[in-house]
Amino acid sequence: MRPVIQKDKTGCGLACVATLAGVSYRQVKTKAGQLGIKVEDPKLWTNTRYIRKLLAGYTISVSRQVTTFRSWQNLPPLALLAIKWHQEHDSASWHWVVFYRGSQGPIVLDPKRELRTHCRTDFGRIKPKWFLTINSHTFK
């Protein structure tokens with residue numbers, strides 16, 4: 001699995017969907033527009049509704065509920081993690097990343113443009129708040 005890098009400030013969710021779907025950022029951004037999701041909308045990282053809608057557009061099934069992060073060992077094989085969680089203008093905000101437990105071991109695929117490496121194993125520095133489980137049988 002290869003990380004897709006976000007091209008817009010609020011594009012981390014789009015990039016994570018592109019990573020999971022195995023398509024380009026541009027393709028997900030186009031589909032988002034078709035679904036009425038605007039990349040400029042800050043709700044992309046303050047609400048799970050948009051990312052769920054995009055995942056469904058690629059027939060990728062995701063858990064209905066968010067699950068509080070307890071430990072890296074307790075994560076499912078594939079998940080969307082909410083990291084850098086904070087309050088902004090009276091609402092929660094976060095950055096989306098993909099957690100993948102593959103044959104080479106666990107890894108976090110972080111779409112943030114400014115990073116030197118987007119395949120992260122520095123788990124002590126990443127502080128997840130909660131996650132959405134990706135049902136791996138729907139994963140492409």
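Overview of values
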read-out	value
Translational diffusion coefficient (Stokes-Einstein; Kirkwood radius from C-alpha pairs) of the stretch 40-122 at 4 °C, 1.567 mPa s, in µm²/s	92 µm²/s
Separation of the SER136 and THR30 label points, Cα + 7 Å toward Cβ, nm	3.1 nm
Cα shape, the chain, gyration tensor, a/c 1.5 rule	rounded
Nearby aspartates and glutamates by direct alpha-carbon distance to LYS43 (threshold 13 angstrom, same-chain neighbours under 8 apart not counted)	GLU88, ASP90
Volume per residue that the Cα convex hull of the stretch 52-93 spans, once the total is divided by residue count, Å³	106 Å³
Extension gain from ALA56 to THR68, taking 0.36 nm per residue of separation minus the Cα-Cα distance	2.1 nm
Choice from HIS118, HIS86, HIS95 with maximal GNM fluctuation in the chain (Cα, 10 Å cutoff)	HIS86
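Values in this text are rule-based calculations from the coordinates and carry no lab data. Because the structure is predicted, anything quoted here is derived from the model rather than measured. Backbone-built Cβ (ideal geometry, glycine too); neighbour counts: all protein chains shown.
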